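Trainee: Structure below; questions to follow.
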Amino acid sequence: MSSLQDAIIEALDFFPEHRKRNKRTEFLNLDILFDEARKIQPISTNAFDFILMAYRYAHPFYTFADEFLDKKTIKPLLLLDLLHLTYSCLLTRDQIPHAVLVHEIVEVSKKKFGPHTSGLTNAFCRRVMDRRDELNKSILSKTEMLLGQDIPKQIQAMPQSKEWLHRLSSQIMQRQSSGIGAFDENLHWNPTVNIEAFSPTQKIQAMDLGSWLWVEYVLGKIDHQSKSKPIKILDVCAAPGGKLIAIAQSLIKQGFTVELWASDVNFQRLERLKENLQRWNFIKFSHVFLHDWASDEQKKESIPDDLDLIIADLPCSGLGTLHKRPDLLLEHFSERIPELCEKNKKIIKNIKPYKTSKNTIAVSVCTMATNEIRSVEKALLGQILDTPHFCSFEKTTEPCEGILGYTL
Ligand SMILES: C[S@@+](CC[C@H](N)C(=O)[O-])C[C@H]1O[C@@H](n2cnc3c(N)ncnc32)[C@H](O)[C@@H]1O
């Protein structure tokens, strides 16, 4: 089998219909599936590109496939994933001659799904090739086609919805060749923020330009003059520690000392948080503990009442991260968001008692969804705002996470 056929087969396991074979892979995020797969063996660059590109083109693909199949059922259903890969590959891959691609795809179809499938796969390839220019033109001129119907509905009630939708959809295309930032060690950006302390070899996982800008915003809110006393910071959704470490490192560079209380509800992520704090030599100033901040359980760790900063980087739908996580384009946001809103309301309720006249509570959400945003605003500030206190999209035109921030 050729290496291209190997890459196609390798990629298919991460496609929607293949994932549905197992409840676990169906519901886990793609980045977690990648992480797990990588522990066994590296994912080839070709397979990785096939997967990301296919998710980016998922909505136009399903529309095209419906028209092509004309209500006929496809057998086996897993073949739909190969057609999905075919669609995005034929529209976007110019490095490999299309005749070669088509040949390899049809070979995979025969080997993996049976010789009887080659006719359908071949016909699908021809249909895409016949309409290639027209399809590419319409996707490139109307990038909002990439978002499907659910995402615009989630955002449409916001005053900034038009601009946000434009940013989200155009960003999906801008990141074509880079990987998913959370684990792409080679990801580079133009650091507009002044945190030069971070050396390229020690980059923190999961930090994106949007996060850096939020860090800069929060740093501006810390009101602490004394260099003799440590700045005390509590981060309740800290893992894997990107934002907390960025904030602490910057304060240390300015000559302050810090003491950190860092917790998370997820044990595995807490382990990664500990590793990151260790790598940055913060562990000796840190109290790391597992805690569900949405519950009323007793905390195992005692927390001082003179904190300078309380951070809650809330668990959210991730609608602001579509450029890095194109699998979210197929997420059922309307089902997930109400549950997240409830959780975040409880987390905010549980951190508010730490507010004093001298400190700041800084909350961030990586979403553009109206209900999520409004529920955070109501819980934290008691009112709905026209514009969030901080929005990463207003700070840069570069592709970045859509992060909204609030302080109390
Ligand atoms: C957006 S991520 C935090 C990223 C982190 N601040 C960083 O910069 O690396 C949200 C985190 O909230 C945690 N989380 C979710 N529900 C929680 C809860 N009820 N209590 C505490 N942490 C929670 C998740 O495990 C996840 O690690």
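The values are calculated or read from the model by the stated rules, or taken from the named source; none is laboratory data. This is a predicted model, so every value here is computed, not measured. Reconstructed Cβ throughout: ideal geometry from the backbone, glycine too, with neighbour counts over all protein chains shown.
Trainee: Just give me the residues in the range 259-284 being at pLDDT below 90 and under 21 Å from LYS343 (Cα atoms), in sequence order.
Mentor: Passing the criteria: GLN268, ARG269.
Trainee: Still on this structure, please answer the following. I'm told GLY382 meets every condition in (1) buried (at least 16 other Cβ atoms within 10 Å of the Cβ); (2) at positive phi except one. Can you identify the failing condition by its number?
Mentor: (1)
Trainee: Taking HIS84, is it assigned to a helix (DSSP H, G or I), buried (at least 16 other Cβ atoms within 10 Å of the Cβ) and out of contact with any Pro (no Cβ under 9 Å at 6 or more places or on another chain)? Walk me through it before giving the result.
Mentor: Numbers: assigned to a helix (DSSP H, G or I): yes; buried (at least 16 other Cβ atoms within 10 Å of the Cβ): yes; out of contact with any Pro (no Cβ under 9 Å at 6 or more places or on another chain): no.
It is false that HIS84 is assigned to a helix (DSSP H, G or I), buried (at least 16 other Cβ atoms within 10 Å of the Cβ) and out of contact with any Pro (no Cβ under 9 Å at 6 or more places or on another chain).
Trainee: Of the numbered conditions (1) of a type outside the set (A, V, I, L, M, F, W, C); (2) farther than 30 Å from GLN154 by Cβ; (3) modelled with pLDDT of 90 or more; (4) in a loop (DSSP other than H, G, I, E, B), HIS287 fails exactly one; give the number of that condition.
Mentor: Looking at each condition in turn, HIS287 falls short on (4).
Trainee: When you go through (1) modelled with pLDDT of 75 or more; (2) among the hydrophobic types (A, V, I, L, M, F, W, C); (3) closer than 30 Å to GLU301 by Cα one by one for PHE198, which number turns out not to apply?
Mentor: Among (1) modelled with pLDDT of 75 or more; (2) among the hydrophobic types (A, V, I, L, M, F, W, C); (3) closer than 30 Å to GLU301 by Cα, the lone unmet condition for PHE198 is (1).
Trainee: Scan the range 31-43 and report the pairs whose first residue is free of Cβ contacts under 8 Å to residues at least 60 places away in the same chain and whose second residue is of a type in the set (D, E, K, R) and not in a helix (DSSP H, G or I), with Cβ atoms within less than 9 Å and a gap of 6+ or a chain change.
Mentor: LEU33/ASP13; ALA37/ASP13
Trainee: When the range 214-228 is examined, which residues are found to be in contact (Cβ under 8 Å) with a residue 60 or more places away in the chain and within 13 Å of ALA362 (Cβ to Cβ)? Lay out the reasoning, then the answer.
Mentor: Kept after step one, since they are in contact (Cβ under 8 Å) with a residue 60 or more places away in the chain, are these residues of the range 214-228: 214, 217-218, 221-224.
Those that are in contact (Cβ under 8 Å) with a residue 60 or more places away in the chain and within 13 Å of ALA362 (Cβ to Cβ): TRP214, TYR217, VAL218, LYS221, ILE222, ASP223.
Trainee: Something else now. Could you grab the pairs with beta carbons closer than 9 Å, sequence gap of 6+ or different chains, first residue in the range 229-249 and more than 13 Å from GLU275 (Cβ to Cβ) and among the small types (Gly, Ala, Ser), second one near the ligand (Cβ under 7 Å from one of its atoms) and part of a helix (DSSP H, G or I)?
Mentor: Going by the 9 Å Cβ cut-off, the qualifying pairs are ALA246/SER211.
Trainee: Ok, one more. Sort through ILE337, ILE311, ILE384, ILE361 and tell me the only one that's in contact with a helix residue (DSSP H, G or I) (Cβ under 9 Å, 6 or more places away or on another chain), of a type in the set (Val, Ile, Thr), closer than 20 Å to GLN154 by Cα and not in a helix (DSSP H, G or I).
Mentor: On the way: ILE337 fails: not in a helix (DSSP H, G or I); ILE311 fails: closer than 20 Å to GLN154 by Cα; ILE361 fails: closer than 20 Å to GLN154 by Cα.
Selected residue: ILE384, the only one of ILE337, ILE311, ILE384, ILE361 that is in contact with a helix residue (DSSP H, G or I) (Cβ under 9 Å, 6 or more places away or on another chain), of a type in the set (Val, Ile, Thr), closer than 20 Å to GLN154 by Cα and not in a helix (DSSP H, G or I).
Trainee: Which of the residues spanning the range 229-261 are near the ligand (Cβ under 9 Å from one of its atoms), outside any loop (DSSP other than H, G, I, E, B), within 20 Å of LYS299 (Cβ to Cβ) and touching an Asp or Glu at 6+ places or on another chain (Cβ under 7 Å)? Explain how you work it out, then say what you get.
Mentor: First pass over the range 229-261, keeping only residues near the ligand (Cβ under 9 Å from one of its atoms): 235-246.
Within this subset, residues satisfying the condition of being outside any loop (DSSP other than H, G, I, E, B) are 235, 242-246.
From the residues that got through so far, the ones that are within 20 Å of LYS299 (Cβ to Cβ) too are 235, 244.
Scanning the range 229-261 gives a single hit, LEU244.
Trainee: Only helices (runs of 4 or more DSSP H) wholly contained in the range 1-59 count here; list those with 3 or more residues that are over 21 Å from the mean Cα position of the chain (by Cα). So that I can check it myself, show each step before the final result.
Mentor: Values: elements: 3-12, 16-19, 23-27, 30-40, 45-56.
Filter on the range 1-59 gives 3-12.
Trainee: Go through the range 302-330 and report how many residues are more than 13 Å from the ligand (Cβ to nearest atom) and of a type outside the set (A, V, I, L, M).
Mentor: Qualifying residue count, the range 302-330: 8.
Trainee: Being assigned to a loop (DSSP other than H, G, I, E, B) and either within 12 Å of the ligand (Cβ to nearest atom) or of a type in the set (Phe, Trp, Tyr) (or both) is the filter here; which residues of the range 275-284 pass it?
Mentor: Of the residues in the range 275-284, the ones assigned to a loop (DSSP other than H, G, I, E, B) are 280-282.
Answer for the range 275-284, where residues must be assigned to a loop (DSSP other than H, G, I, E, B) and either within 12 Å of the ligand (Cβ to nearest atom) or of a type in the set (Phe, Trp, Tyr) (or both): TRP280, PHE282.
Trainee: Condition first: surrounded by 14 or more Cβ atoms within 10 Å (Cβ to Cβ), under 23 Å from PRO353 (Cα atoms), away from the ligand (no atom under 12 Å from the Cβ) and under 27 Å from the mean Cα position of the chain (by Cα). Can you find one or more residues in the range 262-274 that meet it?
Mentor: no
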